[in-house]
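The values are calculated or read from the model by the stated rules, or taken from the named source; none is laboratory data. Fair warning: this is a prediction, and the values are worked out from it, not measured in the lab. Quick reminder, even Gly has a Cβ in these numbers, built from the backbone with ideal geometry, and neighbours come from all protein chains shown. When the accessible area is computed, the model is the full protein with side chains, heavy atoms only, and any ligands, DNA or RNA have been set aside. Shrake-Rupley method; radii C 1.70, N 1.55, O 1.52, S 1.80 Å.
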Amino acid sequence: MTQEVYRQMLDVMKQRRGPYTGIDIPEFYTLMEELFTPREAAVNNVMSRKPATVAEIAADMGEGNAAIEPILEAMADKGLCKTFVRDGVRYYQGEPFMPGIFEYQFISGQASARHKEIAGLIHAYKQAYEATRGETPMTFPTSRVIPVDRTIEAGNTVHTYDQVSTYIGQYESIAVGTCYCRHAAGLRGEDTHGMPLDMCMWFGTMAEYAIERLGARQMGTEAARRVLDKAEEAGLIHMSRNTTEDIEFICNCDRWHCDTVKGVLKQSKPALFFNSGFEPRFDPDSCIACETCIERCPAEALVMGDDEVPEVNEDRCFGCAVCATGCPSNAIAMEAKPDFPTPPKDPKELIAALKASYVKPA
């Protein structure tokens, strides 16, 4: 029989929001019992998204620091909570499943028997979740495409939040680790289409945690830019939270395994929920009709037109510039869409926008 402490995790994980939150199905308990010991589950259940010290968490548990600190340390090492140091004080923070605990299991790129088991259990839980809940209707975009800077046509107004290099340059702490989506798929025996794995990027306190505990690599600005260059060469999409500030991470996503991209592509008009605010413009004099852009387009938004120049389905196009970065004749530039809305400033504004757009099911 499932222990009560794991049942209590349902409400805890629901409150942390995010995709694949707690749901009362057998696969949830199987996964929780593999990830958390009963004591770790109990500590998790008193933690919140607000950072707290050992003393504060121990007080909530009604126990002493000496009993709780080793559990928190073990959880941080296992990717079950976040930790960082500020002004000489260590803090711990409860995390959602995504983005969070699920990804943390695979940042190191390990391929042990346990990692393979966890990859299978997470996949089984996600499938059972979707079968139970059905497709979650999208209302307001939670993720945003960041276009490739060098493909933006001269003369366009380019905001700092449109430039991936801006985020690289403004943080002292940068970490790079293994892509959860592709690595977990590979552990399950799926085809990763030759896409590079060491591609996920974190900033600030999240970077510090990933480097200290999860096996991520610390990088300087120039090394991080080379990672982005590699992602662009492979045809991956730069993606982050749909805010202009406090993005904390940049993912470099493919069309086959990324949960965000796959979810968006199920919509009738993907571009409404995943977009950079830019669109490709084709120079007919430079285009050689090689169709490289059509093959690379992750949204399958391009077709060859009657004049042997690609045409864009604006309902599907992400504005990611994957077409432009792969064009052998440099015939594609990215133009800003007129009147494209400015993203929310920070996570607080994003949550407010999500609540305002929520439509209660009939």
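Annotations for the structure displayed:
- Nonlocal amide H pairs with THR139, under 5 Å, H built at 1.01 Å: none
- Packing, taken as the mean count of other beta carbons within 10 Å per residue, orders the peptides 174-186, 192-204, 219-231 from highest to lowest as 174-186, 192-204, 219-231.
- Per-bin percent of Cα-Cα distances, the stretch 182-253 [5 Å]: 3, 15, 22, 24, 22, 11, 3, 0
- Here the 3J(HN,Hα) profile of the stretch 290-299, calculated from phi with Karplus coefficients 6.51, -1.76 and 1.60 at θ = phi - 60°, is 7, 6, 4, 5, 5, 5, 7, 4, x, 8 Hz, Gly and Pro shown as x.
- Karplus-based coupling profile of the stretch 97-109, in residue order and whole Hz: 5, 9, x, x, 3, 4, 5, 4, 5, 10, 4, 6, x, with θ = phi - 60° in 6.51 cos²θ - 1.76 cosθ + 1.60 and x standing for Gly or Pro.
- Computed from backbone phi with θ = phi - 60° and the Karplus coefficients 6.51, -1.76 and 1.60, the 3J(HN,Hα) list for the stretch 36-41 is 10, 6, x, 5, 5, 4 Hz; x is used for glycine and proline.
- Probing with 1.4 Å while keeping every protein chain in the model, the per residue accessible area of the chain equals 46 Å².
- Heavy-atom accessible surface of ARG133, to the nearest 10 Å², is about 120 Å², with a 1.4 Å probe and all protein chains retained.
- Packing-based ranking, highest mean first, of 252-259, 99-106, 84-91 given that Cβ atoms within 10 Å are counted: 99-106, 252-259, 84-91
- Carbon and sulfur %, accessible surface of the chain computed with the full protein complex present, 1.4 Å: 49 percent
- Relative contact order, whole percent, for the stretch 273-341 stands at 46, derived from Cα pairs under 8 Å and 6 or more residues apart.
- Cα centroid of the stretch 6-30 to Cα centroid of the stretch 297-344, whole Å: 39 Å
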